[in-house]
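The values are calculated or read from the model by the stated rules, or taken from the named source; none is laboratory data. Keep in mind that what you see is a predicted model, and the values were worked out from it rather than measured. FYI the Cβ positions are ideal-geometry reconstructions off the backbone, even for glycines, and counts take in every protein chain you see. With ligands, DNA and RNA removed, areas are computed over all heavy atoms of the protein, side chains included. Shrake-Rupley method; radii C 1.70, N 1.55, O 1.52, S 1.80 Å.
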Amino acid sequence: MDLSLTVLNQVLVMFALIAIGYFCFKIKLIDDSGKQQLTNLLLFVVNPMVVINAYQIDFNPQLANNLLIAFGLAVFSHILAMGIAYLFIQGKNNQHRASIERFSVIYTNCGFMALPLINALFGNEGVFYASAYVTIFNLLSWTHGYVTMSGKADKKAMLKSLVSPVVVSVFVGIIMFYLNLKLPFVLATTVSAMASLNTPLAMVVTGVSLAQTKILSAFKTLRCYYIVFLMNVLVPLCAMIIYLFLPLDSNLLIVNLVSTACPCAVTTLLFASKFDRDSAYASKLLTLSNVTCIVTIPGIIFLYQILSKLI
């Protein structure tokens, strides 16, 4: 039960940081261009540093085997989310909204929300496993997700996902891990220092994003509750039930569960704006899923801990 309490405390800390970002935007300390610059810093510098830093551990056959399993779990949880999204969300009447809803259910905020949370819970080993989920997220969101939101395939955009900073850093980190290569002291210290910026920067950016939405309107749209239930509860709950019967390392499973239980990705709003979908509706889903994850993420972990002792 200590772990679920730790998750709750860490989620509350993260929401305190989100509140700082929210008020920084409201008092005009950060504007939209500032948010974009912070986002670029996160995506192109800080997140890759987090991944590289996580792979700066001694090679261990057990860790290597767990990493392969983490990739398998990441693929499975995304396929599970796809199944639930297409089963419970019909697009006959409003294909544009259906595409937003499906994308929201399938793709979580694993980079901005899961990585900081997992780092706080399990340190570099947790981020080491979580990098697999983030890699699969990047590959699928820019291929399947891109087609889902745009209605057409863009080969250039899909190929671009293969060379995104986080994906490249994962492959570089894996090579360094398997060859047992370590960064020199100055570089290692620099990378570690930059990686430590991930949590506060990611949460401030999230807070600024929420400040640009109409928060109260998200609570007035009944359909949003249904979609958020699918993404924040049903998908991780189904994954959890299956994981209870898998003879795998508990930390490995919890890392995947936390990544799966995170609120919808900020990419949902970005793609909705890019492809002229209902961006106002996307912002409502983003807002409501972020607010409710205060309860749902610790709740899923708490339930997993209870049931894992009974089975």
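What residue, of Ile136, Ile175, is more than 27 Å from Ala98 (Cα to Cα) and either at pLDDT 90 or above or not acidic (Asp, Glu) (or both)?
After ruling out the rest, the residue left standing is Ile175.
Has the range 21-35 got at least one residue that is within 22 Å of the chain's Cα centre (by Cα) and under 18 Å from Thr108 (Cβ atoms)?
Looking for residues that are within 22 Å of the chain's Cα centre (by Cα) and under 18 Å from Thr108 (Cβ atoms), one finds none in the range 21-35, hence no.
Select from the range 180-200 the residues that are within 21 Å of Pro116 (Cα to Cα) and either part of a helix (DSSP H, G or I) or touching an Asp or Glu at 6+ places or on another chain (Cβ under 9 Å) (or both) and list them in ascending order.
Hits for the range 180-200 are Ala188, Thr189, Thr190, Val191, Ser192, Ala193, Met194, Ala195, Asn198, Thr199, Pro200.
Condition test on Val291, is it open to solvent by 10 Å² or more (accessible area, probe 1.4 Å) and either more than 14 Å from Val105 (Cα to Cα) or part of a helix (DSSP H, G or I) (or both)?
The answer is yes for Val291.
The rows are residues; the columns are (1) at pLDDT 90 or above; (2) within 20 Å of the chain's Cα centre (by Cα).
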| position | (1), (2) |
| --- | --- |
| Val186 | yes, no |
| Met203 | no, yes |
| Ile215 | no, no |
| Phe219 | no, no |
| Arg223 | yes, no |
| Phe229 | yes, yes |
| Asn232 | yes, yes |
| Phe245 | yes, no |
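Any residue in the range 276-295 that is free of Cβ contacts under 8 Å to residues at least 12 places away in the same chain sitting within a Cβ distance under 6 Å of a residue that is outside any loop (DSSP other than H, G, I, E, B) and open to solvent by less than 50 Å² (accessible area, probe 1.4 Å)? List the pairs, counting only those 6 or more apart or interchain.
Once the first residue is free of Cβ contacts under 8 Å to residues at least 12 places away in the same chain and sits in the range 276-295, its partners that are outside any loop (DSSP other than H, G, I, E, B) and open to solvent by less than 50 Å² (accessible area, probe 1.4 Å) give Ser279/Ala272.
Any residue in the range 93-115 that's on the phi > 0 side of the Ramachandran plot: show its pairings with residues that are part of a helix (DSSP H, G or I) and open to solvent by 10 Å² or more (accessible area, probe 1.4 Å) at Cβ separation under 9 Å, as long as the two are six or more apart or on different chains.
Matching pairs, first to second residue: none at all.
Could you grab me the full set of residues in the range 181-211 that are open to solvent by 80 Å² or more (accessible area, probe 1.4 Å) and touching a residue at least 40 places away in the same chain (Cβ under 8 Å)?
Of everything in the range 181-211, just one residue is open to solvent by 80 Å² or more (accessible area, probe 1.4 Å) and touching a residue at least 40 places away in the same chain (Cβ under 8 Å), namely Lys182.
For the list (1) part of a helix (DSSP H, G or I); (2) farther than 30 Å from Lys182 by Cα, I need the number of the one condition that Ala74 fails.
The one condition Ala74 does not meet is (2).
Of all the residues that make up the range 222-241, how many are open to solvent by 30 Å² or more (accessible area, probe 1.4 Å) and not charged (D, E, K, R)?
9
Restricting attention to helices (runs of 4 or more DSSP H) lying wholly within the range 94-179, give those where 2 or more residues are over 24 Å from Asn66 (Cα atoms).
In the range 94-179, the matching helices (runs of 4 or more DSSP H) lie at 95-106, 144-150, 155-162.
Quick one: would you say Thr267 is at pLDDT 95 or above and either open to solvent by 10 Å² or more (accessible area, probe 1.4 Å) or out of contact with any Cys (no Cβ under 6 Å at 6 or more places or on another chain) (or both)?
So Thr267 fails the test.
I'd like to know if the range 244-253 contains one or more residues that are closer than 20 Å to Phe229 by Cβ and either surrounded by fewer than 22 Cβ atoms within 10 Å (Cβ to Cβ) or acidic (Asp, Glu) (or both).
Among the residues of the range 244-253, not one is closer than 20 Å to Phe229 by Cβ and either surrounded by fewer than 22 Cβ atoms within 10 Å (Cβ to Cβ) or acidic (Asp, Glu) (or both), which makes the answer no.
Looking at the range 212-221, which of the residues that are hydrophobic (A, V, I, L, M, F, W, C) and open to solvent by 30 Å² or more (accessible area, probe 1.4 Å) is farthest from Leu253 (Cα to Cα)?
Among those residues, the one meeting the criterion is Leu216.
In this structure, is Ala272 under 24 Å from Asn124 (Cβ atoms) and modelled with pLDDT under 90?
no
Would you point out the residue of the range 64-102, among those that are over 22 Å from the mean Cα position of the chain (by Cα) and open to solvent by less than 40 Å² (accessible area, probe 1.4 Å), that is modelled with the highest pLDDT?
Of everything passing the filter in the range 64-102, Ala64 is modelled with the highest pLDDT.
So in the range 1-59, with the set limited to residues that are part of a helix (DSSP H, G or I) and of a type in the set (D, E, K, R), which one is surrounded by the fewest Cβ atoms within 10 Å (Cβ to Cβ)?
Asp2
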